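J.: Pasting in a structure now, in structure tokens, and then I'll have a few things to ask.
Coordinate-derived values only; no laboratory data. None of these values were measured; they are calculated from a predicted model. Cβ sites come from the backbone with ideal geometry, for glycine too, and all protein chains shown count toward neighbours.
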Amino acid sequence: MKISRVLLPVLVIAALFVIVSCAPAPAPTSAPAAAPTQPPAAAAQKTYKDMTLCYPQLGAESDWRTANTASFKETAQTLGIKQLVFSDAQQKQENQISAVRACIQQKVDVIALPPVVEDGWDAVLTEAKNAKIPVIIVDRSVSAPKTLYASHIGSDMVLEGERAAAEFNKMMPNGGAVLELSGTTGSGAAVGRAKGFRNKLNPNIKILDSQTGNFTRAEAVPVMQAFLKKYKAGTDFQGIFIHNDDMGIGAIEALKAAGVKPGDLKIVSVDGTRGGFQAMVDGWFQADVECNPLLGPQVFEMALKLMNGQTIDPEVLTNETVYYPDKAKELLPTRKY
Amino acid sequence: MKNYPLLNRIRESRLFLPLGALAVILIFDAIYAPGFFNIAIQGDHLYGNLIDVVNNGAPLMLVAIGMTLVIATGGVDLSVGAVIAISAAMGAVLINPALGNQLITNEILTRDATNTPLPIIILADLAAGTLCGLWNGFLVSRARIQPMVATLILMVAGRGIAQLITNGQIMTIYYTPYFWFGNGYIFGLPVSVYIVAIVFILAWILVRKTSIGLFIESVGINSKSSYYSGIDEKNVKLLAYAFCGFCAAIAGLILSSYVHSADGNNNGLNYELDAILAVVMGGTLMTGGRFSLFASVIGAVVIWTFTLTVYTLGVPANALLAAKAVLVMVVILLYSDYFRRFLNRFSEHKGPEHGRAN
């Protein structure tokens, strides 16, 4: 009894302290009165200040995604839009679908959707269309008919896969075998990259095995460990194609433990995040295919055009390239993600 | 019973079933994946599937040790996964105070830099976990909330707290000394193995060399009669939950060090279920009472041996959960009274069925 009387207030205070100290510093939400577009005279013309944009983010599985989220939040703040309805679906499609439904209920102006997987979007996209809310598909693609959404903006995943294949063709002119660590099964990124990779890979290079690491470090480690026990690095396979940098970082840990040295294997990854650049500087990656996450400005610009009834391109591809270790060191400090 | 005393002793041992399950999986490996047992020396450390089992399984073993004590008091702690996430987030945020909603600036990338000295990071991690455990213990022992409900609160809230700490984003850790816990080696064995050994010995001394173990079992069997016999039943429970939180915090430290990042959503995901499974496999009953720490650790080893076996065989990750379900089903069936009776009849022929009260 005695202890409980002492303990209760202590615990309550401690809990409060934890909660308070954990709360992020209040962000300056009051938007600066910057109206970058039309003066108020043009009543029909809408500005960023009228915009409510819904962005049901698919999760926070990698550095790439973190940068993508940050790009949207920062852009929303600098443009001073009315409201950014942001949610985190924790990589589950059902969460994302219900987030989109909630946005439709809320009657937002535009929905920007980064789909976690390609399939199964027809129903909810039809609901949005019936509610006259335009949808911009961001980053990964969907398999739904193009009439159901206004535009797709993002990277050409197939092209990324083809670029990675071209790197292996260059590095392994005499053929060989590679392993593939692929992304979330069924996601547009994993499907596209796998397809492009197989399209362009020289026939004398064999894909020895392919397994998903779900785009996360934690899952890539045991998968790579199992690969390394099953096949002998250097003799059974000479290269690894990894669908994103985070899995690459996980795989490097497994490779280190197996005694593989940087440069022993040809590794090509996708994303171009800081972690990937660091891996190139350290000599692990021989090439990193860029996939740009900083899509915020482009999406908001497109959303404004949609609100004002202007026509937009149904397919916008971001400008991307391939990075190599020779430039990695000087480019690393300039990377934004 | 007199016919086969040795056989009976082995069969009645708490370790019989977990070791049996482990043996079955290892025999399976020996047949289908002969390379599974290869251990080589790679640079300064041992290398092989079995090393991966203990290294990857270390966090689960730790959580299972803590969970054993909680389950032995007749409770359960569903919040261990969330506590792992909190501990990982604490570590990451103390090393690198950049909040996730800003694009990372360059000076933060400066390698090997930390904002807080490593010992303080470790202490803060452990304190956070122990505090979470105390909170659970307080709700269960003082506020008298059912353990499943009480810890459910932190299971849900904990991930939220972890996300608050990291601002809902993955925080990457660039501070290399921190990686030692998950990726370092001492005398050829992973550091995490030594951590598990230390915690195990601590827990073992606590429960077997003092009367606390007896108190825990007594509280688990009947907390009211323990109270009337003068056992401080409330503080026994409080201790069990606090220790469980402490173990989960160490697990969080190792896990975040292992993958170089803290992720509020995914660090320690489903660990509560795996830990309960490990404890149940170790023969501790969910209703509380007698327990075996070592058997729970073996249970955790079984789970990871199984996971790595599945990867080695090349079963896709999507099928892993289904395969795990089969393992769970088999184990639960092995523990059923029906199977026990079958085993008794099998080994004793005509002998009388002795009612083992478990």
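J.: Compute the angle between helix A:296-307 and the longest alpha-carbon principal axis of chain A, please, reported from 0 to 90 degrees and rounded to the nearest 10.
T.: So the helix axis and the longest Cα principal axis differ by about 40 degrees.
J.: May I have the extent of the alpha carbons of chain B along their three principal axes, as whole Å values ordered from largest to smallest?
T.: 77, 56, 36
J.: What pairs from A:K49/A:K327; A:K92/A:K256; A:K82/A:K132; A:K92/A:K336 go past 30 Å between their alpha carbons? It would help to have the intermediate numbers written out before the result.
T.: Details: A:K49/A:K327 41 Å; A:K92/A:K256 32 Å; A:K82/A:K132 19 Å; A:K92/A:K336 27 Å.
Beyond 30 Å: A:K49/A:K327; A:K92/A:K256.
J.: For the range A:87-137, run through the trypsin sites (Lys or Arg not before Pro) and keep only the ones in DSSP coil with at most 14 other Cβ atoms within 10 Å of their Cβ.
T.: Numbers: sites: A:K92, A:R101, A:K107, A:K129, A:K132; in loops: A:K92, A:K107, A:K132.
Here the sparse-neighbourhood loop sites are A:K92, A:K107, A:K132.
J.: Please list, ordered by chain and number, the residues whose modelled amide H lies under 5 Å from the amide H of A:L113; skip anything fewer than 5 residues away on the same chain.
T.: Long-range HN contacts for A:L113: A:I136, A:I137, A:V138.
J.: Return the aspartates and glutamates within reach of A:K230: Cα separation strictly under 15 angstrom, same-chain partners fewer than 8 residues apart disregarded; answer none if there are no such residues.
T.: A:E180, A:D209, B:D29, B:D52
J.: Moving on. Please get the size of the charge dipole for the range A:116-217, origin at its Cα centre, with Cβ charges of +1 on Lys and Arg and -1 on Asp and Glu, quoted in debye to the nearest 20.
T.: Working: 12 positive and 11 negative charges, 37 e Å.
Dipole of the range A:116-217, to the nearest 20 debye: 180 debye.
J.: Just to confirm the number: angle between the C-alpha axis of helix A:63-79 and the first principal axis of chain A, 0 to 90 degrees, nearest 10?
T.: 30
J.: Under a cut-off of 19 Å between alpha-carbon atoms, report the lysines in cross-link reach of A:K200, not counting same-chain residues fewer than 8 places apart.
T.: A:K170, A:K266
J.: What does the charge dipole of the range B:110-233 about its Cα centre add up to, to the nearest 20 debye, if the Cβ of each Lys and Arg holds +1 and the Cβ of each Asp and Glu holds -1?
T.: Values: 7 positive and 5 negative charges, 33 e Å.
Result for the range B:110-233 is approximately 160 debye, rounded to the nearest 20.
J.: Give the whole-number value, in cubic angstrom per residue, of the convex hull volume spanned by the C-alpha atoms of the protein assembly as shown.
T.: Values: hull volume 125.2 nm³, N = 695.
Expressed per residue, the convex hull around the Cα atoms of the protein assembly as shown is 180 Å³.
J.: Report the FRET efficiency, 1/(1 + (r/R0)^6), for B:Y32 and B:W180, where r is their Cβ-Cβ distance and R0 is 25 Å, rounded to 0.05. Provide the component values of the computation, followed by the final result.
T.: Numbers: r = 35 Å, r/R0 = 1.40.
Once the sixth-power term is evaluated, E becomes 0.10.
J.: Taking the 0 to 90 degree range and rounding to the nearest ten, how far is the long axis of helix A:2-22 tilted relative to the main principal axis of chain A, both from C-alpha atoms?
T.: 90
J.: Across peptide B:163-173, what mean number of C-beta atoms from other chains lies inside 10 Å of a residue's C-beta? Show your work: numbers first, answer last.
T.: Details: counts 3, 6, 5, 4, 6, 7, 8, 11, 3, 10, 0.
Average neighbour count from other chains, rounded to a whole number: 6.
J.: Among B:I86, B:S256, B:G220, which residue has its Cα furthest toward the positive end of the charge dipole of the protein assembly as shown, with +1 on Lys/Arg Cβ and -1 on Asp/Glu Cβ?
T.: Working it through, the farthest residue towards the positive pole turns out to be B:G220.
J.: According to a simple spin-label model (label point 7 Å from Cα along Cα-to-Cβ), what is the distance in nm between A:D236 and B:D337?
T.: That separation, rounded to one decimal, is 4.9 nm.
J.: Please give the charge dipole size of the protein assembly as shown, origin at the Cα centre, charges +1 on K and R Cβ atoms and -1 on D and E Cβ atoms. Round to the nearest 20 debye.
T.: Working: 54 positive and 51 negative charges, 397 e Å.
It works out to roughly 1900 debye.
J.: Multiply the residue separation of B:D232 and B:I41 by 0.36 nm, subtract the distance between their alpha-carbon atoms, and state the gained length in nm to one decimal.
T.: Numbers: separation 191, 0.36 × 191 = 68.76 nm, distance 5.06 nm.
So the chain would gain 63.7 nm between B:D232 and B:I41.
J.: Now for a different question. Calculate how many DSSP beta bridges within the protein assembly as shown are antiparallel, expressed in % of all such bridges and rounded to the nearest 5.
T.: Working: 10 of 47 bridges.
Expressed as a percentage, antiparallel bridges in the protein assembly as shown total about 20.
J.: May I have the pair-distance distribution P(r) for chain A, computed from all Cα-Cα distances with 20 Å bins from 0 and rounded to whole percent?
T.: 28, 48, 21, 2
J.: Hey, fewest Cβ within 10 Å first, where do A:H152, B:H45, A:H243 land in order? Can you show the working numbers first?
T.: Details: A:H152 22, B:H45 18, A:H243 33.
With the sparsest Cβ surroundings first, the list reads B:H45, A:H152, A:H243.
J.: Given a 10 angstrom Cα cut-off, can you work out which residue in A:D288, A:D109, A:D313 is the most mobile in a GNM of chain A?
T.: A:D313
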